[in-house]
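Down below is the structure, laid out as structure tokens.
Bear in mind these aren't lab numbers, they're just calculated from the coordinates by the rules spelled out. Here the structure is a predicted model, which is why all the values come from computation and not from measurement. Note that each Cβ is placed from the backbone with ideal geometry, even for glycine, and that neighbours are counted across all protein chains shown.
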């Protein structure tokens, strides 16, 4: 579904190595998309617990960064729909081979949706076309975190429209809610033979107050609340608990002090000797951040923006790092003993770039194999992902 172009058409991508606010964008002349292909290899998945004593089966989980439809992204989706609303599927076609082959795929839906037919807005108060939800489902996403600093951009109505659209598309959601009952229920998904709980929280809502009488509308980042929710999810049947925190300092590659402290505290939390949280996949910073294994649990401090317009940083300068990201991929194996922890047997990251000129997510490794001059961009992302020593714990770059 995505366009293919000659590798020479993407030489301008070398500019992506320049220095790295907010969710603002700047309009830029179109850039051509690097070539893409859809023949990536399916990752191996364990089929049973050790010794064959259990019929439980493992699975691979993938997670990706912020979906942030700026005005330019909305215009591109309208053009791709050819007069029939908005079509976001072509934007995501480059990552669909990886996402669709996972046992469980999670995204981060940063913005809320507007009414069908619009009006739609980008930065600073987002209202995105609800067709985003159908595109996420078509790409292979099973669930999305919806707690972000933009969750209250259109109040309770925006939350209701967003969750209704995700429900209609068959995409589960975590982090915001329409009722107290919905907020109290953990989001549970099946993957392999495991039940996975997905929990999501945000550091702030850009100063927008919680809707009157609805303190549960969006989950706010709080260590005690997260641990309590994780333990409740375990009691509700979760074998694995995944937490999506919207946290960190925008445009800062290194995790900040709060990320480090909260990450240590959450991964140290245990009940009966078993960790309460099995994986942390962060969003918000607009730039890729490091992966790290802390207290035996993997943390992705920040995956970056999967979809966003040309980004402008706090200095007011166009910052190409805002269109770089990683897709995290973790292969879980069943417990070796009854009631034990599902262990990550393989940890990988896939480097991605959003080509704002073509309006396409690009798998950098497959593009480079097709001849695109994007090696320096890919290598910079790899350096960031490994910057806290994750290689020694087995983190590798995947296709």
For segment 315-386: rounded, prolate or oblate by the Cα gyration tensor [a/c cutoff 1.5]: prolate
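Quick one: pull the percentage of alpha-carbon pairs in the chain with a separation above 30 Å.
Values: 27072 of 79401 pairs.
That tail contains 34 percent of the Cα-Cα pairs.
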Could you order the peptides 252-260, 355-363 from most to least packed, using the average number of other C-beta atoms within 10 Å per residue? 355-363, 252-260
Specify whether the C-alpha gyration tensor of segment 132-238 places it in the rounded, prolate or oblate class, a ≥ b ≥ c being the square roots of the eigenvalues: rounded for a/c under 1.5, otherwise prolate if a/b is larger than b/c and oblate if not. oblate
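Which values, in whole Å and largest first, are the semi-axes of the equivalent ellipsoid of segment 262-324 obtained as the square root of 5 times each eigenvalue of the Cα gyration tensor?
Those come to 32, 9, 8 Å.
Rank-order 130-136, 87-93 by packing density, defined as the average count of other C-beta atoms within 10 Å over each peptide's residues, highest first.
Averaged packing, sorted descending, gives the order 130-136, 87-93.
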Alpha carbon centroid spacing (whole Å) that separates segment 173-208 from segment 265-286: 15 Å
Least to most buried among 100, 315, 249 (fewest other Cβ within 10 Å first): 315, 100, 249
Arrange the following residues from fewest to most other Cβ atoms within 10 Å of their Cβ: 178, 224, 274. 224, 274, 178
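Mean residue ellipticity at 222 nm from the helices of the chain, using -39,500 (n - 2.57) per DSSP H segment of n ≥ 4 over the full residue count, to the nearest 500 deg cm²/dmol?
It comes out at -6500 deg cm²/dmol, rounded to the nearest 500.
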Segment 56-190 shape via C-alpha gyration tensor axes, a/c threshold 1.5: oblate
Sorted by Cβ neighbour density within 10 Å, fewest at the top, the residues 86, 314, 70: 314, 86, 70
Specify the inter-centroid distance of segment 322-399 and segment 125-167, based on alpha-carbon positions, in whole Å. 25 Å
